[in-house]
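One structure, as structure tokens, below. Some questions next.
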Amino acid sequence: MSDLEAKDPFYSLPEHYIETAEQFEEFIAEVDSQGFYECCSIDTEADSMHSYETKLCLIQFSLPSMLAIIDPLSIGKEGMSRFPEFIDRFGTVWMHGADYDISMFEMTFGWVPRRIDDTQIAARLLGVPKFGLANLLEEEYGIKVSKQSQKADWSRRPLSEKMLAYAYNDVRYLLDLGEKFVQQLKECGRYEWFVESCDAARTSVLGRDGKSEDEVWRISGWGKLSRRGLNYLLHLWLWRDSECKKLDRPAFKFLSNQEILRMSISLDENGSAKPPHYLKERHVRRMNVAIDEARQVPESEFPSKRLKATGPRLDIDEARFEKIRAFRNQAADSLKVDSTMIATRSIMERLASKNLSDPERLQGLQDWQRTILLPVLEEVGVS
């Protein structure tokens, strides 16, 4: 511990490492004995960079009186069954950049906290230019948090001291930081914006659909391929997926999307795959089997160049779009916030569309954003 950390009151909080179901039950009982359910903070660590299937590896938790690391891999699914009910006792759950954490909770438990307050959203609404957690901790507390464990393999046990320190620091200051931000948001009249934005962010993640079987293999760049090339791409993607599953390795650590796209183009043009030199013989052998199977597919069964539309193609009024964008940018400068907090490009395109009804144009726009944009919306005839 550095001299600065020794003087930091946040480093005096008791730290608990919870790795059995019994310890988890004892921890819940300890929290119950304190009777404090006003707020907590949580964060997660997963192994998406090291395994084929992403797993929730760690949950960091804090109260004003304690910190905890909960190890779901060691505790097991049954032992963690009370976690959602435990977290839902709290009036507010603080997170930072909660998008990925929400996805992990939904995937693992089929649940997410009912109320999430996000310090990243708070920082952006306050016009903070660098809103990463490390930046905020340095700005607010003068603490430089090491990023060495950011890409660590969180599925490995035991965790190193550096990894534990990194994990605790992710929630060590979060409740205090959230309290500071709430005060500032209320002082500048933006607290209601914050509540609505956090709710919208939570709803957005829960409403996201995963790619269908006909889309998941369509990696960036697929549109440049012919239908024959798409057929090769599909078979190469399925081969890679099978290899990664056997190896328990994420796709980017085995063969990049750029490589299978390159091979698909080559097969389409001259019939040769030219695999990269680092692929082992057994992988190349199975790849060639997949390519042979692709060659047996009749042209009538090649993948389509078009995807099924999920909605009407927007017919955008460019003049209307430019008026909305200019007004948004001016409002953002006046409020000293990032312009995308007021309206993203996709939102502005909907507002400027000629082939949607007004309710459809306004879809996705929050009340506070609509209030800011009201003058220009009235000018362009959107109500």
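Can you tell me which residues in segment 209-222 are at pLDDT below 90 and either touching a helix residue (DSSP H, G or I) at 6+ places or on another chain (Cβ under 6 Å) or loosely packed, with under 11 Cβ neighbours inside 10 Å (or both)?
209, 210, 211, 212, 213 - these are the residues of segment 209-222 that are at pLDDT below 90 and either touching a helix residue (DSSP H, G or I) at 6+ places or on another chain (Cβ under 6 Å) or loosely packed, with under 11 Cβ neighbours inside 10 Å (or both).
Do you know which of the residues in segment 91-103 that are surrounded by fewer than 21 Cβ atoms within 10 Å (Cβ to Cβ) and not charged (D, E, K, R) is nearest to residue 145 (Cα to Cα)?
Looking at the filtered set, the residue picked out is 97.
Is it the case that some residue within segment 24-37 is acidic (Asp, Glu) and in contact with a helix residue (DSSP H, G or I) (Cβ under 9 Å, 6 or more places away or on another chain)?
Checked against the condition, which is being acidic (Asp, Glu) and in contact with a helix residue (DSSP H, G or I) (Cβ under 9 Å, 6 or more places away or on another chain), segment 24-37 yields no hits at all.
Are there any pairs, at least 6 apart or on different chains, whose C-beta atoms fall under 7 Å, with the first in segment 172-191 and closer than 18 Å to residue 337 by Cα and assigned by TED's automatic domain parsing to the domain that holds residue 97 and the second small (Gly, Ala, Ser) and not in a loop (DSSP other than H, G, I, E, B), and if so, which?
181/122; 181/123; 185/122
Going through segment 325-340 one residue at a time, which ones are within 18 Å of residue 194 (Cβ to Cβ) and surrounded by fewer than 18 Cβ atoms within 10 Å (Cβ to Cβ)?
Across segment 325-340, the qualifying residues are 335, 336, 338, 339, 340.
Inspect segment 118-129 for any residue being small (Gly, Ala, Ser), modelled with pLDDT of 95 or more and surrounded by fewer than 20 Cβ atoms within 10 Å (Cβ to Cβ) and give the result as yes or no.
Yes, segment 118-129 contains at least one residue that is small (Gly, Ala, Ser), modelled with pLDDT of 95 or more and surrounded by fewer than 20 Cβ atoms within 10 Å (Cβ to Cβ).
Identify, by number, the condition in (1) modelled with pLDDT under 95; (2) assigned to a strand (DSSP E or B) that residue 62 doesn't meet.
(1)
Moving to a separate point now. I need the full set of residues from segment 28-44 which are outside any helix (DSSP H, G or I) and on the phi < 0 side of the Ramachandran plot, in order please.
36, 37, 38, 39, 40, 41, 42, 43, 44
Restricting attention to segment 293-313, which residues are under 18 Å from residue 221 (Cα atoms) and at pLDDT 80 or above?
302, 303, 304, 305
Still on this structure, I have one more. Can you list residue pairs whose Cβ atoms sit under 7 Å apart, with the first residue in segment 261-281 being without any contact (Cβ under 8 Å) to a residue 12 or more places away in the chain and the second being in a loop (DSSP other than H, G, I, E, B)? Count only pairs 6 or more apart in sequence or on different chains.
Qualifying pairs under 7 Å: 266/272; 266/273; 266/274.
Spot the failing condition for residue 257; the list is (1) touching a Gly at 6+ places or on another chain (Cβ under 8 Å); (2) more than 25 Å from residue 153 (Cβ to Cβ); (3) not small (Gly, Ala, Ser), and only one is missed.
Of (1) touching a Gly at 6+ places or on another chain (Cβ under 8 Å); (2) more than 25 Å from residue 153 (Cβ to Cβ); (3) not small (Gly, Ala, Ser), only one is false for residue 257: (2).
Here's the yes/no breakdown for (1) closer than 19 Å to residue 220 by Cα; (2) buried (at least 18 other Cβ atoms within 10 Å of the Cβ); (3) of a type in the set (Lys, Arg):
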position: 243; (1), (2), (3): no, yes, no
position: 257; (1), (2), (3): yes, no, no
position: 261; (1), (2), (3): yes, yes, no
position: 272; (1), (2), (3): no, no, no
position: 280; (1), (2), (3): no, no, yes
position: 290; (1), (2), (3): no, yes, no
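Just the residues that are outside any strand (DSSP E or B) and buried (at least 16 other Cβ atoms within 10 Å of the Cβ), please, taken from segment 14-27.
Matches in segment 14-27: 19, 21, 23, 24, 27.
Residue by residue, here is whether (1) over 19 Å from residue 239 (Cα atoms); (2) in contact with a Leu (Cβ under 8 Å, 6 or more places away or on another chain); (3) not assigned by TED's automatic domain parsing to the domain that holds residue 228 holds:
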site: 273; (1), (2), (3): no, yes, no
site: 331; (1), (2), (3): yes, yes, yes
site: 345; (1), (2), (3): yes, no, yes
site: 363; (1), (2), (3): yes, no, yes
site: 376; (1), (2), (3): yes, no, yes
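Pick from segment 350-377 the residues that are acidic (Asp, Glu) and either at pLDDT below 95 or buried (at least 21 other Cβ atoms within 10 Å of the Cβ) (or both): which of them is nearest to residue 197 (Cα to Cα)?
Ranking the qualifying residues of segment 350-377, first place goes to 360.
The values are calculated or read from the model by the stated rules, or taken from the named source; none is laboratory data. What you are looking at is a predicted structure, and each value in this text was computed from that prediction instead of being measured. Note that each Cβ is placed from the backbone with ideal geometry, even for glycine, and that neighbours are counted across all protein chains shown.
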